[in-house]
Structure formats: structure tokens, C-alpha cells
1. Name the single residue that is surrounded by the fewest Cβ atoms within 10 Å (Cβ to Cβ) among those in the range 232-251 being aromatic (F, W, Y) and in a strand (DSSP E or B).
2. Please determine, by comparing only the residues of the range 211-223 that are surrounded by 15 or more Cβ atoms within 10 Å (Cβ to Cβ) and at pLDDT 95 or above, which one is farthest from the chain's Cα centre (by Cα).
3. Would you check which residues across the range 316-335 are within 27 Å of G288 (Cα to Cα) and of a type outside the set (S, T, N, Q) and list them?
4. If I92 satisfies every condition in (1) surrounded by fewer than 17 Cβ atoms within 10 Å (Cβ to Cβ); (2) β-branched (V, I, T); (3) under 27 Å from R240 (Cβ atoms) but one, which is the exception?
5. Determine the pairs where a residue that is under 23 Å from E301 (Cα atoms) and in the same structural domain as E301 (by TED's automatic domain parsing), located within the range 311-334, has a partner that is exposed (fewer than 14 other Cβ atoms within 10 Å of the Cβ) and modelled with pLDDT under 95 with Cβ atoms under 6 Å apart, the partner being 6 or more residues away or on another chain.
6. Just checking, does the range 73-82 include any residue being exposed (fewer than 12 other Cβ atoms within 10 Å of the Cβ), in the same structural domain as G370 (by TED's automatic domain parsing) and not polar (S, T, N, Q)?
7. Can you say whether L355 is within 15 Å of R240 (Cβ to Cβ), in the same structural domain as E244 (by TED's automatic domain parsing) and not in a loop (DSSP other than H, G, I, E, B), as far as the supplied structure shows?
8. For the range 207-234, how many residues are closer than 21 Å to Q421 by Cα and of a type outside the set (F, W, Y)?
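The values are calculated or read from the model by the stated rules, or taken from the named source; none is laboratory data. For clarity, every value in this text was computed on a predicted model and none was experimentally measured. Neighbour counts run over all protein chains shown; Cβ positions are idealised from the backbone, glycine included.
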Amino acid sequence: MASEINFKIDQHCHDVKANVDLLLITSFIINIIKAFVTFLSSCYKVILVVAVIFVLLYVLYKSYWNPVLYRKELSDTGYNHLPKKDRSLHIISAQNKRKFGNKLPPPYPNGWFSLVESRDLAVGGVISVDALGLNLCVYRGEDGVARIVDAYCPHLGANLGVGGSVCGTCIECPFHQWRFGADGACVSIPGMESVPKGISIKTYHAMEVDGSVWVWYHVDGLPPQWTVPESEAAKSWGYRGRNEFLVNAHIQEIPENGADVAHLNAVHNISIFSDAGLKYPFLNRLIGHHIWGAEWQKGDEDHVAKIKISQKYLILKMDVFPLEITVNQIGPAHVRLSFMSSLGPMTVLQSVTPLGPLLQKVVHRVYSPGYNAPLGAAMVWLEAKQFERDVAIWNHKRYVSAPAYAKNDKTIRAFRSWFNQFYSDNSISLRDALQNPLDW
């Protein structure tokens, strides 16, 4: 009996001690919170100034010294409607079930196509690129000139872009150290005093403009039908960054967007800062919305088309940020967009590269003067947000060869007629291209 009473007393003491410990810990935490709140209330001005300075320094750092990079993989855009559980499997299933349409144009039009960023190709650098149904090797000779050759050595087929090296203006095979000159001819074979005639590797016309190395592709082997001078913005303004998207669509769908004037106020009307206006339309008056006007027309040169775009950003009927945009579509895959705003000009340079028959890499490079560099850096993100809305549609739509045109679709009809010049009778068909795709 006495032992039972002692046990109960010990248990009671243990419970009291636990409660005291809990009270002490709770009191300690409350005192810390009070001290922290007191500190914030007495020093909030200093903390606010420090936070503002930190944000400003970060903005300046990204604007002038560390360009903004924004990249989206193929499965990152347009698949939010799928279940989160096993999403990757649902995405693959959706892609496999998708109908791309009938009578699609050839997947690889003739023209200039961006392959690598100039800043990524150092002197003596070698990069392997798979695009346009081709395996290519891009290298920069010791003379600073970028060159493009077929990836495979004619000897025993080694890939020059994987382990190859630069010697002067030559590219050297990693397998047996055969060297090929700027014209593609073999100029050196180890252990041989002279090289047999007729050994060469295929070369491609290259140009380096707008921050990228471009290859000329023509299915009939014709030389470049046009060249493009360097953009004044790329030469004299600062580089503010780039955004990059992978798009699961035919290449023609992307530039056709520019001629589809009606889609601007349908897809891009909601504020660039938030999609809340889609669910709650009344918010569009408060957080703002876009009003667009556009006109597409053929350019002075056959391979050029022009678009004039005006944009108003309305908050309570007040246009707080008007924009005037001039767009030059140069061939099938090269676009220059010149923006004029109340805060100064900016230029966005777009390239579209077919990594496969129905897989496009789209890159936007942004340039602006030094005085509005923060605006240029912000444009990398802002332009990406608008473009992402198009990607979400492209990743699921099918190509319609004979649309049911409305009255305001006449520019789409005109665009397709203009774009058709970039196809040849011998252009590889989509079916043939899919027999040996380079995309996954």
C-alpha cells in the first residue's frame, strides 16, 4: 500500500515538473517573439532601407553584370490540367495521343537557322548540334571565325563535335587525328606525307549575327538567298538576358502567330503580372489589362514580312504603359522586335530552331541601352510570360491546312502564301522526317 502511494507521489511530481518545463519553454519563446517584435518596431525604418538597398543592388546586378536567364523545358508549359500524381506519365500519354493534323507542310523550310549562342562558342571551341534532321559540328577557329561542318568524319565516322579539336582554322577528328580545313578538304593525316585527293567533309554556310551562329539550310543545296547585317541593338546596346522554350509544334505555327492579329486580344489581354483576371474579370480594371492593335504585311524584300503592333496597358481606363512595336520577320526563323516605350527603347531578337520535325527551340535575346538596363532585364521575364501563353496552346493544337477563315483572318491567309516561298519541291516531307527523327 505504501509503495503504491509513493509511486503516485512520484508520478505526480514528474507531471508537475513536465508542466513547469513546458511553461518555461513557452515563456522563453514568447519573450523571444516579444523582443523580436520590439526590435522590428524600433528599427523598421532601418530594416526597410536595407531591404530596399538589397533589392536595388540585386536588380542592378542582374541588369548590368549577370544577364537574366529563363528556360522552360517541353513538359513545363501547358500541362497544368493533368493530374499531379505520375504527371510525367500523363504528359507522355497526352503527347502520344495528340493529333497533329493532316497535310502538314515540310518540317524544314529553307533559310537561316540559329544553332549556338555566340557567347557559348569560344575561340577553339567545338559544339555538337542536332537540328534540321542533321548532325552538325560547330567550331570557332583560332582566327575567331565560326564554321559549320557535317558531324561525321568521312574516314570511319567519328563525330567531330564530340571530342574534336581546333587547330588553326581546321577541325581535327578525335579518332585518328585527321584534319579538315575551312573548305572541308582533308589537309593532314598522321603518318602520311600527302593526303589522297578527294577526301573532304561537307561544309555549311554560316553567319554570326544577333548573338548567335546561324546555318544556311536549303534542301536543294542552293547558296544563301539573302544575308542579314548585324542588328544595331546587338552591336551598340547591352545584352540583358535571354529566355528559351521548347515547343511541340510545326515551325510554321510560331511565326504565323504574328499574322494572327485576333489572337492578341484573346490570349494576351489578361495582365502580364497575374492570371487572376481570367477567373475574376473585375480585377482586370484594378491590376490592369492589355489592349492590342496590329497590322501584318509583306516587306520590301521577298524574304521579309513586317508587323506593326500597338499596346495599351489600362488600369481604370488609364494607359499607364503604352508600347509601339515594330516586328521584322526575316525568313522562316529569324525575328527582330523593336520596342519603344516611355522608358526608352528595347530590342528582342528571336530565333526558331527545328530540333526535330515537330520540336522547336525558341530563344529570345533582349538588348537595351545602358540607362534603361533594368527595364531590359525585366523584359526577359515579361516577354517570356506572354510567350508562355502561346506555348501552352501550341503544345496541344493541331495544324489546320484549310481553316474556316473569318473576315479578320485575311492576314493569316496572306502569311501562309508568303511563307510558302521557303519550301521547295524537294523539301523533305513530315512522314520522311519522322522516319529518322532527332528529337526524343
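1. At the first step, the residues of the range 232-251 found to be aromatic (F, W, Y) are 237, 239, 245.
Still in the running and in a strand (DSSP E or B): 239, 245.
Working: Y239: 17, F245: 25.
Taking the candidates together, the pick is Y239.
2. To start, the set of residues in the range 211-223 that are surrounded by 15 or more Cβ atoms within 10 Å (Cβ to Cβ) comprises 211-219.
Applying the additional criterion that residues be at pLDDT 95 or above yields 212-219.
On the way: S212: 13, V213: 16, W214: 16, V215: 19, W216: 21, Y217: 21, H218: 24, V219: 26 Å.
Within the range 211-223, the match that is farthest from the chain's Cα centre (by Cα) is V219.
3. L316, K317, M318, D319, V320, F321, P322, L323, E324, I325, V327
4. Status for I92: all satisfied but (3).
5. none
6. Taking the range 73-82 first, the residues exposed (fewer than 12 other Cβ atoms within 10 Å of the Cβ) are 73, 80-81.
Those still in the list that are in the same structural domain as G370 (by TED's automatic domain parsing) too: 73, 80-81.
If we keep only those that are not polar (S, T, N, Q) too, we end up with 73, 81.
The answer is yes; a qualifying residue exists.
7. Details: within 15 Å of R240 (Cβ to Cβ): no; in the same structural domain as E244 (by TED's automatic domain parsing): yes; not in a loop (DSSP other than H, G, I, E, B): yes.
No, not satisfied.
8. Initial filter on the range 207-234 (closer than 21 Å to Q421 by Cα): 214-228.
Then drop every residue that is not of a type outside the set (F, W, Y), which leaves 215, 218-225, 227-228.
Counting residues in the range 207-234 that are closer than 21 Å to Q421 by Cα and of a type outside the set (F, W, Y) gives 11.
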